[in-house]
1. Can you give the net charge of the other residues whose Cβ lies under 10 Å from the Cβ of R172, counting K and R as +1 and D and E as -1?
2. What's the center-to-center distance, using Cα atoms, between segment 91-109 and segment 51-78 in Å?
3. Taking the Cβ-Cβ separation of F24 and S256 as r and a Förster radius of 22 Å, what is the calculated FRET efficiency to the nearest 0.05?
4. If you stretched the chain out fully between S64 and N83, how much longer would it get, using 0.36 nm times the residue separation minus the C-alpha to C-alpha distance?
5. Sort T178, T94, T111, T286 by Cβ crowding within 10 Å, fewest neighbours at the top.
6. Calculate, for I291 and T178, the FRET efficiency according to 1/(1 + (r/R0)^6) with r their C-beta to C-beta distance and R0 22 Å; round to the nearest 0.05.
7. Could you list I52, I188 so that the one with the fewest beta carbons within 10 Å of its beta carbon is first and the one with the most is last?
8. Quick one: order R223, R172, R215 by neighbouring beta-carbon count within 10 Å, fewest to most.
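Rule-based calculations on the coordinates, nothing more; no lab input. Predicted model, so just to flag it, every value in this text is computed and none were measured. All Cβ positions, glycine included, derive from the backbone under ideal geometry; neighbour counts span all protein chains shown.
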Amino acid sequence: MNILVNSLCLLLIQSFIFISVCQFIPEPRYYQTSTLVNSKIYFFGGIPSAEILATSCISSIDKSTIFLIGGQALDQTKQNIINATLVYTFNSITSQWTTINAAGFYNYSITLIRMQAIMNYDGKIYMFGGKEVDSVVGTINNGPYINKMNVLDTKSLTWSSLNIINNIPTPRVSYTATLLNNGLIIYIGGLEMKSYAFANVNMNEQVNGDTIAARNAHSAVLRRAHPDVAVLNTNISPYQWSIPNISSTNYPQSLSFHSAEIYNNIMIIAFGIVTSDQLQTTLTITFNKNIYLFDVQNYAWISSTAPTSTKSTNTNNHSNYMIIGISVGVSGFIIILSLIVVGYKYKKI
């Protein structure tokens, strides 16, 4: 009798654990990196986590392997930098990490931070600029800005640097990099080193249209077909900026160091820090705890997505699992009480 009761108690506990796990909400952060795999967004590191300022991208070969490159790893105290491998891969199917030992990197005593990786359709990762820091004893404040174009061939696992002479941009960090369908990579904004001084990159040097204020630590996504949102039309030459007229409904606060991914014409913005005007005069950091959705077809901030019939079925199935989990917990509790009462009466007889 005791064994049966204990087993049912364990079932009840496991049911409530299942419900709790389904309600997991990650803590706010910034300096993270994110990658979209099918319908899931994977977020890596960020302050206050132990891996910061890295970059990530999805493999164009198998569509499931995520490459995590650069960044700085901190120890458990989150105060000291520890030596870390330059490249890792994460298998989104098996949820397993792998250390990658790629040959040919120009300096293995440093790591790169505050850059953005782009993988082309041939499996090559392009990383322009960023900041060099000592991979063992460095801090995010030391090391130079660079304007090298580092390339990682994910098929042969070898590094190379492109020998670019003409029209090379200034050394910079905290920009955005977006791969177009024609193979061009568009670099927007960022913080540059120019004449031994730091400055935001001019956003209007090579494009026409509306004037866009210089910025860094922003985000950019490529869609098919208040000036916090700006659109760069790459279908004409020269490229043209425009600022769409967007309703204030569901409008988010101004953010930086956040993540942005696009899925089914919805731009999903997460994490980062709030950078509204009233907060720029203080040293207080306010974490963004919200998820924002922007409809890139209708240029509107939305509060929820309208799922298709297939997605609705999946959602209903997930809801059913939640209901089943709760029902099992309640039913298990009732069964346990009934068995205890029956057992007690049986002993008295």
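1. +2
2. That distance is 9 Å.
3. Efficiency, from the Cβ-Cβ distance: 0.25.
4. The S64-N83 span can extend by a further 4.1 nm.
5. If I rank by nearby Cβ atoms, fewest first, I get T94, T286, T178, T111.
6. Numbers: r = 22 Å, r/R0 = 0.98.
Plugging the Cβ-Cβ distance into 1/(1 + (r/R0)^6) gives 0.55.
7. Working: I52 24, I188 21.
Sorted ascending by nearby Cβ count, the order is I188, I52.
8. R223, R215, R172
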